[in-house]
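This report refers to the structure that appears directly beneath it.
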Amino acid sequence: MSSLLEAIAQIRREVCELHAELTRYELVVWTAGNVSARVPGHDLMVIKPSGVSYADLTPESMVVTDLYGTPADGEWGNPPFSPSSDTAAHAYVYRHMPEVGGVVHTHSTYATAWAARGEAIPCVLTMMSDEFGGSIPVGPFALIGDDSIGQGIVETLRNSTSPAVLMQNHGPFTIGKDARSAVKAAVMCEEVARTVHISRQLGEPLPIDQGSIDSLYARYQNVYGQ
Ligand SMILES: [Zn+2]
């Protein structure tokens, strides 16, 4: 049991530190945005508390919940905070995608601008082929309060190489084998959303043929991926 407590303490530190990447890359404002991580081998996850400013986040303030988003009792030393209001969506992803170890949500500006138009980001960059293996898809419009956001994420990403989905009129959710990979996907999603947007201002970006996208993706994922 103590090894599980130590594992959770370590994951709390990691999840807390990864939130600093969201502010460093200017993906979030105020208290919006959140990172979570699965506790490997247990039906538990660690997620940002609700309504706490980024400057005040500490490892101890991260909330341990079960995979339905209910704060886990007692021995985890949970803080006097509710888990993030997006916890149900993260929890749904962990329940339905066992290969996922980390989930990130932001309203980063350029990615969310594509989401507001309900337009997938076309794969017109080699770095996008590397990271996403194709376009970044749009998920359905869904309101917070039940499992519809989680369902939309899972249904969109289950058959996609992309670790990012743009939830329509809302913003990006990203997944990864661990929380760090999901944060990287959130950073890269905003980067390509910005670059392709700027390219569009000057004309129509040139497409990359699917064969080249596939070989770039396979090579990159072999070298750097899972
Ligand atoms: Zn949101």
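Values in this text are rule-based calculations from the coordinates and carry no lab data. Remember, predicted model here, so these are calculated numbers, not experimental data. Counting neighbours? That spans all protein chains shown, and the Cβs are built from the backbone with ideal geometry, glycine included.
The table below lists the values:
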{"quantity": "Strands (runs of 3 or more DSSP E) lying entirely in region 34-97 (those with 3 or more residues that are under 19 Å from Ser3 (Cβ atoms))", "calculated": "34-39, 44-47"}
{"quantity": "Qualifying residue in region 173-187 (condition: part of a helix (DSSP H, G or I), among the aromatic types (Phe, Trp, Tyr) and either touching a helix residue (DSSP H, G or I) at 6+ places or on another chain (Cβ under 6 Å) or farther than 16 Å from Leu22 by Cβ (or both))", "calculated": "no"}
{"quantity": "Selection within region 73-115 - surrounded by fewer than 16 Cβ atoms within 10 Å (Cβ to Cβ) and among the acidic types (Asp, Glu)", "calculated": "Asp73, Glu75, Glu99"}
{"quantity": "Enumeration of residues in region 124-140 that are hydrophobic (A, V, I, L, M, F, W, C) and under 17 Å from the mean Cα position of the chain (by Cα)", "calculated": "Met128, Phe132, Ile136, Val138"}
{"quantity": "Top-ranked residue in region 144-172 [being in a loop (DSSP other than H, G, I, E, B) and small (Gly, Ala, Ser); ranked as farthest from the ligand (Cβ to nearest atom)]", "calculated": "Ser160"}
{"quantity": "Residue under evaluation Ser84, criteria (1) of a type in the set (Ser, Thr, Tyr); (2) out of contact with any strand residue (DSSP E or B) (no Cβ under 6 Å at 6 or more places or on another chain); (3) within 16 Å of the ligand (Cβ to nearest atom); (4) without any contact (Cβ under 8 Å) to a residue 60 or more places away in the chain, criterion not met", "calculated": "(2)"}
{"quantity": "Cβ-Cβ under 9 Å pairs, at least 6 apart or on other chains, region 159-176 side touching a residue at least 60 places away in the same chain (Cβ under 8 Å) and hydrophobic (A, V, I, L, M, F, W, C), far side part of a loop (DSSP other than H, G, I, E, B) and within 12 Å of the ligand (Cβ to nearest atom)", "calculated": "Phe173/Asp86; Phe173/Thr106"}
